[in-house]
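The values are calculated or read from the model by the stated rules, or taken from the named source; none is laboratory data. Since we're looking at a predicted model, the values are computed, not measured. Glycine gets a Cβ as well: all are built from the backbone with ideal geometry, and neighbour counts include every protein chain shown. The accessibility values were calculated without ligands, DNA or RNA, using every heavy atom of the protein model including side chains. Shrake-Rupley method; radii C 1.70, N 1.55, O 1.52, S 1.80 Å.
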Amino acid sequence: LASFVSLIVVIGLIVFPLTIIGSLLLREAVSVYAMFNTSSYTSFTTALGELEAVVRTFVPEFTLDIGGIVAQVANFIASHLVSLFAGTASTIFYFMLSLIATFYFFRDGSTITKYLVKLSPLKDGEDSLILDRLATSVRSVALGTVLVALIQGVLTSVGLWLFGFDRAILWGVIAAI
């Protein structure tokens, strides 16, 4: 029961925040899509045309083919769409597998550790010391990496929001990743 409750807590700490961030990210992605389907896109292409004219004063051969770039991006996305879905399916599979493994590690972790200590040729005290230090190191590195990424993402979002940038959450998530 304790292993199951611990697993539910882990799921809540991982899945719930990722769901919230994912919904915010989806909302911002939809707004970007809507921007390119409205008059903002026209002003965007006009601004790019003006940028092209300015650059042509310095480099006469310079051309900015927006249609070609959009076609290349669409072709890239279409050709890699299958691998994206395959990657998503494997990620879901590995996530479910890790949930099952986490349940059994919560339930039988001390038994597995005792068995590994018994198998080791070192003295049991030395094995325990090595495992304790290894656990501390792994926990510190993992927690530090995640916390630094989260702090960078949050600070990026807050900074962009304070200065009035659109889609601050989108760029904050990208900075965290």
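Flag: residue 14 matches the condition of being under 30 Å from residue 135 (Cβ atoms), at pLDDT 70 or above and of a type outside the set (Asp, Glu). Only a single criterion out of (1) at pLDDT 90 or above; (2) surrounded by 12 or more Cβ atoms within 10 Å (Cβ to Cβ); (3) small (Gly, Ala, Ser) is not satisfied by residue 168, namely (1).
Restricted to region 17-39, and to residues there that are of a type in the set (Gly, Ala, Ser) and either at pLDDT 75 or above or closer than 17 Å to residue 96 by Cβ (or both), the residue that is most open to solvent (accessible area, probe 1.4 Å) is 23. Annotation note: Cβ proximity below 8 Å between a residue of region 1-13 that is under 15 Å from residue 96 (Cα atoms) and a residue that is assigned to a helix (DSSP H, G or I) and open to solvent by 80 Å² or more (accessible area, probe 1.4 Å) (sequence gap 6+ or interchain) occurs for 7/106. Just one of the listed residues (135, 74) is at pLDDT 85 or above, open to solvent by less than 80 Å² (accessible area, probe 1.4 Å), aliphatic (A, V, I, L, M) and within 29 Å of the chain's Cα centre (by Cα), namely 135.
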